[in-house]
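Values quoted throughout were computed directly from the atomic coordinates according to the rules given, and no laboratory measurement underlies them. As the structure is a prediction and not an experimental result, all values here were calculated from the model. For neighbour counting, all protein chains shown are included, and Cβ atoms are generated from backbone atoms with ideal geometry for every residue, glycine included.
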Amino acid sequence: MSMAKRLIIGSGAALVALAAGSGIAAAQPDVETIVNSSCSYPQVMAALNAQSPESAKQIESNQVANSWLQQLVASPPDGRRAMIAQIQAYPQLNSYTGLINSVAASCSNY
C-alpha cells in the first residue's frame, strides 16, 4: 500500500472518527447531516472535543486529517458529498458514522 493511500486512510479514519462510533450499519450510512451542516471548523472541533476527546486529539495531531476536515467544512454540499464518497470507499471507516453524525447534529450548539 502506498504512503499516500495510508495517509488518506489514516486521515479518513481520524476524520471519520470525528463522526462515528455506532459500528458498521448499512452499506451507505446517511450523510445528509454532515453534507448540510452549517457549522464552522471551530464548532465542529468543539463538538468533537465534547463527544470524543480522543478522536479530537487524533485529528488535531494529524496534519492531513486536520486539513481534510477543514476542507470538508469549507466545501459546499456537493463537494462534501464527493469527499465523503471517497472516504466511504474504505469500509474500515464506516464504524465512525455515528460519531460523525452526532458531531454534525450538535456542532451548532458550540
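General observations
- Residues within the reach of a label modelled at N109 (point 7 angstrom out along Cα to beta-carbon, backbone nitrogen below 20 Å), restricted to the stretch 44-58, are 44-57.
- Computed over the alpha carbons of the stretch 30-106, Rg followed by Dmax gives 11.5, 29 Å.
- Sorting the segments 47-59, 30-42 by their residues' average number of neighbouring beta-carbon atoms within 10 angstrom, most packed first, yields 47-59, 30-42.
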